[in-house]
Amino acid sequence: MEVTAKERQQVEEQVEQLLSGQGSEVTLCDLGLELSKPATLRKNVTYIVCGVIFNEQEEVLMVQEAKPDCYKQWYLPAGRVEVGESLEEALRREVKEEAGFDCQPITLLLIQEQGPQWIRFIFLARITGGSMKTLTAADQESLQASWWDRQSSLSLRGRDILRLIDYGLRYHRSPWHGASLPLDLSCRHIVQRTLLLFVGAEKRVWILLVQAPTPHLPTAAALRTHAVTWAANMAAQEALPASYYDHDVATLGVLSLQHNGRQHGRTDGVCFNTLAALTPDRPQRDEDGLAAERPAPATPPPVENPRYVWMEVQAPALKEELLRQSQNPTLLPIQSLY
């Protein structure tokens, strides 16, 4: 069944909103809900916030750990989100407790995850007040804070932060995506709403939709056994079981992030609005070892599950933007640490 002109317009308007960094309430979940439990901090999910903050000399703010297992080692200001906090509130609290400064988040830089049970949200932020924490104010949160020029010798708690600092410095100098901060929209589970594209040979663009109750982008609950972004694969596998293994599904980035967190066990979830692409898995060489030249298909693989439908994008400006993002994404990156 094809979508009607009115339904196409409604879907295209929603896609335009997501591309502009907006979101919408999660009112239904199409996949995986029976295998997912509501996200509950301190019980089945852990969220970490981490701040990357530079001064005018592009030195990065570091804190010296007070924890016994990493005593006197240095790290970015970071810590667990507490019950009832938003992600931004948690970042401000951690920076204040560990470094002594008040801060204002500028944008999310990167999201890292080990499945829905552990997700780290890395922010770029700026100082708005307070003063540097010194040894005289040492407590269980940290011993002191300092600016690091990234060249001087420093005993680091973990080298993982070097990549985060690099991300922050690159964005600080030349932002590659628009500022993206969490949207205050509640969600009970950890879910991925997927804008799954197929781009044909003639630059025609299709979006995979779930048909009922009205055509909409697939939403899937994250599974503990997989990366959060496996949700896009779940939709493709259910819609295209015969051709799924002949294609690759790649999550290109996060369009927007939704989180509330004020009601423990009821709004601790997160919705990742993501852009993903379905592409043919064509071999690079033939059976004789010679370079294989296979033309890109003109249309997407046929939907085999009546629950789904491909919708071709008609709005010219929207199609151009989707083509651009599919070829050279300028989106908030999400990285699996599995």
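Just a few scattered comments:
- Rounded if a/c under 1.5, otherwise prolate or oblate - region 46-173, Cα gyration tensor axes: rounded
- Between region 101-160 and region 203-274, the Cα center-to-center distance that results, in Å: 31
- Extension gain for Lys43-Leu135 works out to 29.7 nm (0.36 nm per residue, less the C-alpha to C-alpha distance).
- Rounded, prolate or oblate (a/c below 1.5 giving rounded, otherwise prolate when a/b exceeds b/c) for region 161-298 by Cα gyration tensor: oblate
- The GNM of the chain, with springs linking C-alpha atoms under 10 angstrom apart, assigns the highest mean-square fluctuation among Ala277, Ala250, Ala138 to Ala138.
- Taking the 1.4 Å solvent-accessible surface of region 1-113 as the whole, the part contributed by carbon and sulfur is 46%.
- Local electrostatic count, Arg173, Cβ distance below 15 Å [Lys/Arg +1, Asp/Glu -1]: -1
- 0 to 90° range, to nearest 10: angle between helix 316-327 axis and the chain longest Cα axis: 60
- If you take all other residues with their beta carbon under 10 Å from the beta carbon of Lys133, and give Lys and Arg +1 and Asp and Glu -1, the sum is -3.
- Simple rule: put +1 on each Lys or Arg Cβ and -1 on each Asp or Glu Cβ in the chain, find the dipole, and look at Gln314, Leu217, Pro116; the Cα lying farthest toward the positive end is Pro116.
- The string of couplings for region 3-17 from the Karplus curve (6.51, -1.76, 1.60, θ = phi - 60°) is 6, 7, 4, 5, 5, 4, 4, 5, 5, 5, 5, 5, 4, 4, 5 Hz, one whole number per residue in order, with x for Gly and Pro.
- Over all Cα atoms in the chain, the spread is summed up by Rg and Dmax: 22.0, 72 Å.
- Computed with a 1.4 Å probe on the full set of protein chains, the accessible area for His226 sits at about 60 Å².
- Annotation: amide H of Cys103 within the under-5 Å range of Thr128, sequence separation 5 or more or interchain, hydrogens built in the peptide plane.
- Residue-level accessible surface for Asp139, protein heavy atoms, 1.4 Å, Å²: 70
- Database remark: amide H of Gly115 closer than 5 angstrom to the amide H of Val228, Leu337 (H placed geometrically; neighbours at sequence offset of 5 or more, or on other chains; Pro and chain starts carry no H).
- Accessible surface calculations at 1.4 Å, restricted to protein heavy atoms, place region 30-153 at 44 Å² per residue.
- Accessible surface, per residue, of region 194-338 when the full set of protein chains is kept, probe 1.4 Å, Å²: 45
- Cβ charges +1 (Lys, Arg) and -1 (Asp, Glu), total dipole of region 46-173, debye: 300
- Taking the DSSP bridge list for the chain and keeping only pairs wholly inside it, about 70 percent are antiparallel.
- Efficiency of FRET between His264 and Arg170 - r from beta-carbon atoms, R0 41 angstrom, step 0.05: 0.65
The values are calculated or read from the model by the stated rules, or taken from the named source; none is laboratory data. Treat the numbers as computed from the prediction; the structure is a model and nothing was measured. We place every Cβ from the backbone using ideal geometry, glycine too, and count neighbours over all the protein chains shown. Note: accessible area is taken over every heavy atom of the protein model, side chains too, but ligands, DNA and RNA are not part of it. Shrake-Rupley method; radii C 1.70, N 1.55, O 1.52, S 1.80 Å.
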